[in-house]
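Some notes on the structure that comes next.
The values are calculated or read from the model by the stated rules, or taken from the named source; none is laboratory data. Computed from a prediction, not measured in an experiment: that's the story for all the values here. Note that each Cβ is placed from the backbone with ideal geometry, even for glycine, and that neighbours are counted across all protein chains shown. Accessible surface is based on the protein model in full, side chains and every heavy atom, while ligands, DNA and RNA are left aside. Shrake-Rupley method; radii C 1.70, N 1.55, O 1.52, S 1.80 Å.
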Amino acid sequence: MADTCGQVLLGSGLTVLSHPLMYIKVLVQVGHEPLPPSLGRNLFGRQVYQLPGLFAYAKHIIKIDGKAGLFNGLAPRLCAGTIGTLVHSRVLQRCQDAGKYEVSGTSQKAEEGSLQHVVNETTKEMIARSCATIVTHPFHVITLRCMVQFIGRETKYSGVFDSIVTVYKNEGVLGFFAGLIPRLLGDVLSLWICNMLAHLINTYAIDDSMSHTGEIKNCSQAVTGFFASMLTYPFVLVSNLMAVNDCGLAGGLPPYASIYPTWVDCWRHLSLEGNMSRGNSLFFRKLPVGKTYAIDQKRFF
């Protein structure tokens, strides 16, 4: 119980610190570009037009809403983090207990570090993460909509309880799970890619006789996690767009977004436009040639 409380407190602190970053990322994902591109230089010294980065975007939000404006949607996100940690911890513990009973009753325990052991542990983690994601997704939807309100200056989602009532009145129970499927798929794929790649690297590329083997294996886990998150980023983007799609906010309607019947249609539309990585980077945001942005509906070349 103490470990879970510690995880909740640590997670809440990290959530508060990282919230402005997520806020700006979500606005970029939706396609909101309130500032014109500026002429800068890329890593090779070549002049290119760049869209405003993290700090310029943050200054724009502060100018309009003050520093507190960077924390729009924080309350429902904290709720999601706290509940998600509790659910994840409880479900994972149940899975581990069930695994112990199976081992003692029927089969032999898989050797630690073996492929079977990695598959077993990844399966337990997948179940725990999926349960936490499903339970907390309504708060995730409310968080995104509180953020996207910045675009149209709406106040439709003003608090956790009021937002729950608003979603239920307008969209029913299904409204709380908008964008859930691509989010689940992305989480599951990211987890399996990360753990399988880390296992291959630790097994075939790292010699146990090497010094600092433990640190190297932890580093490989972090690297594969970053790589997996890059590969599965389109699922995150599509999930977030579907969570605000046609919800009555300006950020979920044209010109910022088309009305997508399903998340597959959203994926296809972004793919055709070449926008599958939109919002993946908040630094060195090069302006794509010929792209149209909702800032003034002009094309920049």
message: I need a count of the residues in the stretch 263-284 that are open to solvent by less than 70 Å² (accessible area, probe 1.4 Å) and not in a loop (DSSP other than H, G, I, E, B).
response: 7
Residue count, the stretch 198-228 (criterion: small (G, A, S), surrounded by 10 or more Cβ atoms within 10 Å (Cβ to Cβ) and modelled with pLDDT under 80): 1
- request: Scan P37, P20 and give me the residue that is closer than 26 Å to F284 by Cβ and modelled with pLDDT under 95.
  value: P37
- prompt: Under 6 Å by Cβ, and 6 or more places apart or on different chains, what pairs join a residue from the stretch 235-262 that is over 23 Å from L185 (Cα atoms) and open to solvent by 10 Å² or more (accessible area, probe 1.4 Å) with one that is part of a helix (DSSP H, G or I) and not hydrophobic (A, V, I, L, M, F, W, C)?
  reply: A250/G152
message: Considering only residues that are surrounded by 13 or more Cβ atoms within 10 Å (Cβ to Cβ) and assigned to a loop (DSSP other than H, G, I, E, B), which ones fall in the stretch 154-169?
response: E154, K156, Y157, G159
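Residue-by-condition table, conditions (1) in a loop (DSSP other than H, G, I, E, B); (2) open to solvent by less than 40 Å² (accessible area, probe 1.4 Å):
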{"site": "C5", "(1), (2)": "no, no"}
{"site": "T15", "(1), (2)": "no, yes"}
{"site": "H32", "(1), (2)": "yes, yes"}
{"site": "G45", "(1), (2)": "yes, yes"}
task: Quick one: G152 ticks every box in (1) in contact with a helix residue (DSSP H, G or I) (Cβ under 9 Å, 6 or more places away or on another chain); (2) more than 13 Å from L249 (Cβ to Cβ) except a single one, so which number is it?
output: (2)
- prompt: In this structure, does T143 turn out to be among the hydroxyl-bearing types (S, T, Y) and at pLDDT 95 or above?
  reply: yes
- request: Could you give me the residue pairs with C-beta distances under 9 Å whose first residue belongs to the stretch 109-123 and is within 18 Å of C194 (Cβ to Cβ), whose second residue is modelled with pLDDT of 70 or more and of a type in the set (D, E) wherever it lies, and which are 6+ apart or on separate chains?
  value: H117/E111
message: Anything in the stretch 47-87 that is polar (S, T, N, Q) and in a loop (DSSP other than H, G, I, E, B)? List them, or say none.
response: N72
